[in-house]
Amino acid sequence: MPNILESQNLVKTYGDFTAVKGITFDIKEGEIFSLLGPNGAGKTTTISMLSTLYAPTSGDATIGGYSVTKDPMAVKRVIGVVPQDLALYEDLTAKENLVFWGQMYGLGGKSLTSRVDEVLEQIGLTDKAKNRVKTYSGGMKRRVNIGVGLLHKPRLLFMDEPTVGIDPQSRRAILDTVKDLNKQGMTVLYTTHYMEEAAELSNRVGIIDHGELIALGTQDELTKQVGETETLILHIGENEDPETLAKALSGVEGVQKADVTDHEVSVITADAKDILAAVVGKANERGIKIRSIDIREPNLEAVFLHLTGRALRDT
Amino acid sequence: MLKLLLIGIKDLKLMFRDRAALIFMLLAPFLLTIGMGFVSGRFSGGSTGLSDIPVVIVNLDQKELGNALEELFNSADLADLVEPTASSDPEAARRLIDSDQASAAIVIPQGFTDSVIPAEGTTFDSTAVQPAPVQIEVYANPSRPTGAGIIKAIVDEFLSRVEEGRVSGTTSLVGLMQSGLLNPQDVASEAQELFANVDESESTAITLKTDTQGAEAVEFDLLAYFAPGMALMFLMYTVSYGGRSILAERSQGTLPRMLISPTSNAQVLGGKVLGIFLMGVAQVGVLILASSIFFQVQWGDPLGVLVLILAAVFGATGWGMLITAFARTPAQVGSTGAAVMLIFGILGGSFMSLENFPPFMQTLSKITPNAWGMDGFVTLALGGTLKNLTEPVTALLIMGALLFAASVVLFNRNGIAQQ
Ligand SMILES: Nc1ncnc2c1ncn2[C@@H]1O[C@H](COP(=O)(O)OP(=O)(O)OP(=O)(O)O)[C@@H](O)[C@H]1O
Ligand SMILES: [Mg+2]
């Protein structure tokens, strides 16, 4: 598969703060590529440069063979963008929004009308098409926001955290839509800070943190980086001190790494069953009460933890 | 070009859905126009325009000039406009005014003619120092400023012709009268012609309209002053509302979204500007239509009105853009816009004729689209046509162009996508 997107050392600085510190990656035609990273990692900034909204401070990218810095107009015709924050006219109806944005993408006449109807069907809002967007629920607005990005059937669709702040049902619908679109041949660049979404959707994942791409590959490739390890997540009582426990556990035999993530302690080990008793014993010894324990197979979360020593989610 | 129009029309549509904005754009100026109409007495008496202004004339001079002035007021030409009554007692006349029985009293003192024209027999010596003429008094009724103002205007005009004659010797009206070549009726029509000239060249709240035949119809509808005054003032609200929408679209993400569609920065900015322009034209258009329908305001030459609206909105749009280019948040545009609206409203003569302002304020008023717009609308209401609008229209177009250039420079420096 040829590359539809090639990013070369993209850098973006705001004043003396560097939000994106030289990101290089490719996206193959037909795949779903996820950029996984915590808040403030630089996902939106990267998308803004790729979609020609902001000029990169240095570096360049080509999309469909066109340079984002030299031929932005050609790039814009290849891509569709679903921005992280809703970008809609609340005083217009869903249909009016779709018609306006369709026109902005050069659609008109019959093809516009039929495309708008198609998209309304796709996002499940045909019935409410004539209501103003401001009367919609958060989930419905998100769906319109996505619909706008689909109108002109872009070859490459950027979706910037499209599921943030919505109910599980709408989230499910959105993830299914993404998969459908991909089956129909659309290439997708999807950003998220949910490990599960990246895991479910993507062929390949780039992990981004503090403006740097710290890992890149298929899920298997990435989890192999962590090695044949498992993660124990220890949930402790509210009044307990996770730092103390983490320190104590670091000395336990078989523990590769023990870190505090929020109010949990994550322990990376080769085999969870082997150290379980020792871990619990150590906690008891320190008088720290463990409320529950999860054992996790290697996953993207573990990869992130392994690479940064921090949890992906800060909630 | 198409995209420009699409963006502009979208903004117009959004404006008509924003009820709060419509109140400011349409209802407020409309109600204020009515209010100003009541304050100025436009709706009392049921007649349109000014007519039959009651005036008391006390002619103590009883010689050529005094009689000429009295006859001027009694002439057929002014019959519709004024309703003169004669009196011989200045005190009684003043009392009539104080008790609101008439708009003004004119007291022509004894010896007025003699103070102007040397008595027969004395040789006329233009180099000799002449005594100042005895003053004619216009005792005005403060509760009827418009009527009193017109009476005063007529007397002033008469006196300026007299003064002209006095300075230039005998060539003018006085000389002609003295030599019997001109009778008082002619003086009246001479004065009328003069008013007509004044109308063409100047604009004031209270000017006299003479139709081209030069005959009767002396009429100026005050609402033809207040209606455009209010429309122009609230036009400043609309352009800052439009400017605010640029920043609002930026923070609500729709501006960036337009910029990442295959649309150039220039098209997006142009479309937003067109949107402001269309909103302004729609607003002023609706207000003008409403006052023609509800108040029978005569706006004058339709083509002139159209061109003037377009030019005034263009100039005002420039201000809207400049305010926007300087502001950081939509709220800042809103508050700056409101302040500018009031300042321009006052400075531009939306409430009060610019003639009442000191000269430096009159000069300052030239930076407002309001002043030029008022100039144009009054010219039209007084019977002027597109031909007479060259000055205000040119000024408004230059104003708009300069302000656009300045705001585009500012926008480019800050980048329209970045916050
Ligand atoms: N216009 C700006 N000016 C200054 N700093 C900015 C600007 N935009 C973003 N940043 C900073 O750049 C960094 C990256 O921001 P970005 O929005 O790209 O992160 P993100 O990965 O999309 O995060 P989130 O998951 O919260 O959306 C953050 O630290 C942010 O504060
Ligand atoms: Mg983001």
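So who's got an amide H within less than 5 Å of the one on A:G80, skipping anything under 5 residues away but keeping other chains? H placed 1.01 Å off N, in plane.
Result for A:G80 returns A:L156, A:L157, A:F158.
Could you list the chymotrypsin sites (Phe, Trp or Tyr not before Pro) in the range A:1-101 that lie in coil according to DSSP, counting only those with at most 11 other Cβ atoms within 10 Å of their Cβ?
none
Along the range A:232-244, what does the Karplus equation 6.51 cos²θ - 1.76 cosθ + 1.60 (θ = phi - 60°) give for ³J(HN,Hα), rounded to whole Hz, x for Gly and Pro?
After applying 6.51 cos²θ - 1.76 cosθ + 1.60, I find 9, 10, 9, 8, 10, x, 4, 8, 7, 9, x, 4, 4 Hz.
Taking θ as phi - 60°, what are the ³J(HN,Hα) couplings along the range A:263-272 by the Karplus curve (6.51, -1.76, 1.60), each to the nearest whole Hz, with x for Gly and Pro?
Taking θ as phi minus 60°, the curve returns 10, 10, 10, 9, 10, 9, 8, 6, 9, 4 Hz for the range A:263-272.
With both partners inside chain A, how many of the DSSP beta bridges are antiparallel, as a percent to the nearest 5?
Around 70 percent antiparallel, to the nearest 5.
Between A:E285 and B:S251, how high is the FRET efficiency from 1/(1 + (r/R0)^6) when r is the Cβ-Cβ distance and R₀ = 56 Å? Nearest 0.05.
0.55
Given a cut-off of under 8 Å on Cα pairs at least six residues apart, what relative contact order in percent is computed for the range B:353-407?
Numbers: 21 pairs, mean separation 16.2, N = 55.
Contact order relative to length: 29 percent.
If I fit a long axis through the Cα atoms of helix A:109-122 and take the longest principal axis of the Cα atoms of chain A, what angle between them do I get, 0 to 90°, rounded to 10?
Compared with the principal axis, the helix lies near 30 degrees.
For a quick check: sort B:W372, B:W319 by the number of other beta carbons within 10 angstrom, fewest at the front.
B:W319, B:W372
Can you spot the lysines whose alpha carbon is less than 28 Å from B:K387's alpha carbon? Ignore those fewer than 8 places along the same chain.
Within the straight-line cut-off, B:K387 pairs with B:K209, B:K366.
What is the distance, in nm, between label points placed 7 Å from the Cα along the Cα-to-Cβ direction at B:K13 and at A:K28?
Between B:K13 and A:K28, the simple spin-label model gives 4.2 nm.
Among DSSP bridges having both ends in the protein assembly as shown, what percentage is antiparallel? Round to the nearest 5.
Values: 45 of 74 bridges.
Of those bridges, close to 60 percent are antiparallel.
Hey, can you grab everything whose amide H is under 5 Å from the amide H of A:A215? Only 5+ residues off in sequence or another chain; H modelled, so Pro and N-termini drop out.
Close amide H contacts, sequence-distant or interchain: A:I207.
How much length would be gained if the chain were fully extended between A:N203 and A:E121, taking 0.36 nm per residue of separation minus their Cα-Cα distance, in nm to one decimal?
This chain segment gains 26.8 nm when fully extended.
I'd like the mean, over residues of A:100-106, of how many other protein chain beta carbons sit within 10 Å of each residue's own Cβ.
6
As a check on your grasp of the helix formula, calculate [θ] at 222 nm for the protein assembly as shown: sum -39500 (n - 2.57) over DSSP H runs of n ≥ 4, divide by the residue count, round to the nearest 500. Don't skip to the answer; put the middle values down first.
Values: 28 runs with 375 residues, N = 734.
Dividing the helical sum by the residues of the protein assembly as shown leaves -16500 deg cm²/dmol.
Using Cα positions and a limit of under 19 Å, work out the lysines in reach of A:K289, with same-chain residues fewer than 8 apart set aside.
Output for A:K289: A:K247.
Give me the inter-chain shielding for B:296-308: mean count of other chain Cβ atoms within 10 Å, whole number please. Working shown, then result.
Values: counts 0, 0, 0, 0, 0, 0, 0, 0, 0, 0, 0, 0, 0.
Shielding by partners across B:296-308 averages 0.
Per residue of B:226-233, what is the mean number of Cβ atoms on other protein chains within 10 angstrom of that residue's Cβ?
0
Could you work out how far helix A:94-104 tilts from the main Cα principal axis of chain A, as a 0 to 90 degree angle to the nearest 10?
The answer is roughly 70 degrees.
Please sort B:62-69, A:219-226 by packing, taking for each peptide the average over its residues of neighbouring beta carbons within 10 angstrom, highest first.
Put in order of decreasing packing, that is B:62-69, A:219-226.
Listed highest first by mean packing, meaning other Cβ atoms within 10 Å per residue, what order do A:162-168, B:388-394, B:259-265 come in?
Working: A:162-168: 15.7, B:388-394: 18.0, B:259-265: 20.3.
The peptides rank, most packed first, as B:259-265, B:388-394, A:162-168.
Enter the Cα centre distance for the pair the range B:265-331 and the range A:187-251, rounded to the nearest angstrom.
57 Å
Would you mind getting me the FRET efficiency between A:E297 and A:F17? Use the beta-carbon distance for r and R0 = 45 Å, nearest 0.05.
Working: r = 37 Å, r/R0 = 0.83.
Given R0 = 45 Å and the Cβ-Cβ separation, E is 0.75.
At 7 Å along the Cα-to-beta-carbon direction for both B:S264 and B:S51, put a label point, then send me their distance in nm to one decimal.
A separation of 5.9 nm, rounded to one decimal place.
Show me A:196-209, B:272-285 ranked by packing, highest mean number of other Cβ atoms within 10 Å first. Could you put the intermediate results ahead of the total?
Details: A:196-209: 21.0, B:272-285: 23.7.
Highest-to-lowest ranking by the protection proxy: B:272-285, A:196-209.
Using θ = phi - 60° and the Karplus curve 6.51 cos²θ - 1.76 cosθ + 1.60, what whole-Hz ³J(HN,Hα) does each residue of the range A:13-27 get, with Gly and Pro shown as x?
Once rounded to whole Hz, the list reads 10, 10, x, 9, 9, 9, 7, 10, 10, x, 9, 10, 6, 10, 10.
Over chain A, what is the relative contact order in percent, taking alpha-carbon pairs closer than 8 angstrom and at least six residues apart? Don't skip to the end; give the middle numbers.
Numbers: 596 pairs, mean separation 60.0, N = 315.
Once normalised by length, the contact order is 19 percent.
Going down the list A:K76/A:K128; A:K130/B:K10; A:K76/B:K272; A:K110/B:K3; A:K141/B:K3; A:K12/B:K13, which pairs span over 27 Å between their C-alpha atoms?
In this structure, A:K76/A:K128; A:K12/B:K13 lie more than 27 Å apart at Cα.
Calculate the FRET efficiency for B:L5 and B:D156 from the Cβ-Cβ distance with a Förster distance of 45 Å, rounded to the nearest 0.05.
Values: r = 52 Å, r/R0 = 1.15.
It comes out at approximately 0.30.
Got the relative contact order for the range A:228-297 handy, in percent, Cα pairs under 8 Å and 6 or more residues apart?
Reported as a whole number, the value is 47 percent.
Laboratory data are not the source of any read-out in this text; all were calculated from the coordinates shown. These numbers come from a predicted model, not from an experiment. Every residue, glycine as well, gets a Cβ built from its backbone with ideal geometry; the counts of neighbours run over all protein chains shown.
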